[in-house]
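Q: Okay, here's the structure, questions in a sec.
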Amino acid sequence: MLGMGLNLTYSDFKQVFKPPKALIIGLLAQMVLLPAIAFLIAGLLSMPPEIKAGLVLIAACPGGASSNLVNHLLRGNVALSISLTALNSMLTLFTIPFVVNLGMYAFLGQERNFELPVLETMRSIFFLIVLPAFAGVYLRGKFNRLAHQLEQPLRFILPAVLFTAFLGVLIFDRQENGTSLSSLVHRLPLAILLNILGMAAGYLLCLSAKLKKPVRITIAVEVGLQNSSLAIFIATTLLNSSQMAVIAVLYGITSFFITIFVGWLIYRFVEK
């Protein structure tokens, strides 16, 4: 986040909020459109009720912080991406219980009241996303020449750091949750379908709103990369359902690569 902040200025963030058209569309795509797609898939396809509820759960979660770096690599609107990640993460603290309970009632015939750690999450958002990003913006303003010199090496260093971190999550998080990849393969198409349809719907929504290509890429990536770790935590710890965590585990394993690939296709082949 510090490295990405070195490539931004305060005016980049000002442009996000005046007018906030792209920001509003991005939030709608993540918080309304993606859960609606999850409900549609779960309603049309035959699968166990717990899997249907798990599909809704991962769709109700906010975007992952890795979306910011992916947008940086694909030359999306990084300031918009950071703003969407921070705002979406805070707003979904209040919308997740509603959406998940709706999914559980629709597919399991039951509701489960639960609360998310609001203060802890807001503190994490501030220290892990907002503070380092704006520290980078501040340093760019003070040491503009140094920031430009670091820009090229950071384009190689940041992806390496992200990929290493992702491998760690892939290995250790899956081990911690006791999931076997081979036993989950038959549920893999559901995670991939939600990922691709969500990105496509988000992109088409931006296209209909006549937003520029970097913004369309940004919102498509934000919709594609959901916070699967939060979904796993909610399913296993708050709802005591390992079955509901299945889609989140699969989504976390596959969405990173699919989102980068689809985003690259848009960046490479779609005209402005």
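Q: Could you check region 77-95 and list, in sequence order, the residues that are within 19 Å of Ile234 (Cβ to Cβ) and out of contact with any strand residue (DSSP E or B) (no Cβ under 8 Å at 6 or more places or on another chain)?
A: Looking only at region 77-95, we keep the residues that are within 19 Å of Ile234 (Cβ to Cβ), and these are 85, 88-95.
Hits for region 77-95 are Met90, Leu91, Thr92, Leu93, Phe94, Thr95.
Q: OK, next. Contact list please: Cβ distance under 6 Å, first residue in region 138-151 and within 17 Å of Ala79 (Cα to Cα), second residue in a helix (DSSP H, G or I) and aliphatic (A, V, I, L, M), pairs at least six apart or on different chains.
A: From region 138-151, the pairs are Arg140/Ala147.
Q: Just checking, does region 107-122 include any residue being among the acidic types (Asp, Glu), under 20 Å from the mean Cα position of the chain (by Cα) and modelled with pLDDT under 85? First the steps, then the outcome.
A: Just the residues of region 107-122 that are among the acidic types (Asp, Glu), to begin with: 111, 115, 120.
Checking the rest, the ones that are also under 20 Å from the mean Cα position of the chain (by Cα) come to 120.
If we keep only those that are modelled with pLDDT under 85 as well, we get 120.
Yes, region 107-122 has at least one match.
Q: A follow-up question, please. Check whether at least one residue in region 39-46 is at pLDDT below 95, touching a Ser or Thr at 6+ places or on another chain (Cβ under 6 Å) and outside any helix (DSSP H, G or I), and report yes or no.
A: no
Q: Moving on to the next point. Of the residues Phe107, Phe127, Phe98, which single one is surrounded by 20 or more Cβ atoms within 10 Å (Cβ to Cβ), aromatic (Phe, Trp, Tyr) and out of contact with any strand residue (DSSP E or B) (no Cβ under 9 Å at 6 or more places or on another chain)?
A: Numbers: Phe127 fails: surrounded by 20 or more Cβ atoms within 10 Å (Cβ to Cβ); Phe98 fails: surrounded by 20 or more Cβ atoms within 10 Å (Cβ to Cβ).
Of Phe107, Phe127, Phe98, the one residue that is surrounded by 20 or more Cβ atoms within 10 Å (Cβ to Cβ), aromatic (Phe, Trp, Tyr) and out of contact with any strand residue (DSSP E or B) (no Cβ under 9 Å at 6 or more places or on another chain) is Phe107.
Q: Okay, moving on. Over 23 Å from Ser208 (Cα atoms), surrounded by 21 or more Cβ atoms within 10 Å (Cβ to Cβ) and either out of contact with any Ser or Thr (no Cβ under 6 Å at 6 or more places or on another chain) or small (Gly, Ala, Ser) (or both), is that true of Met4? So that I can check it myself, show each step before the final result.
A: Working: over 23 Å from Ser208 (Cα atoms): yes; surrounded by 21 or more Cβ atoms within 10 Å (Cβ to Cβ): yes; either out of contact with any Ser or Thr (no Cβ under 6 Å at 6 or more places or on another chain) or small (Gly, Ala, Ser) (or both): yes.
It is true that Met4 is over 23 Å from Ser208 (Cα atoms), surrounded by 21 or more Cβ atoms within 10 Å (Cβ to Cβ) and either out of contact with any Ser or Thr (no Cβ under 6 Å at 6 or more places or on another chain) or small (Gly, Ala, Ser) (or both).
Q: Let me ask something additional. Filter region 40-67 for residues that are over 9 Å from the mean Cα position of the chain (by Cα) and within 30 Å of Val215 (Cβ to Cβ) and give the result.
A: Quick first cut of region 40-67, residues over 9 Å from the mean Cα position of the chain (by Cα) only: 40-60.
Across region 40-67, the qualifying residues are Leu40, Ile41, Ala42, Leu55, Val56, Leu57, Ile58, Ala59, Ala60.
The values are calculated or read from the model by the stated rules, or taken from the named source; none is laboratory data. What you see is a predicted model, and the numbers here were worked out from it, not measured in a lab. Heads up, the Cβs are rebuilt from the backbone with ideal geometry, glycines too, and the neighbour counts pull from every protein chain shown.
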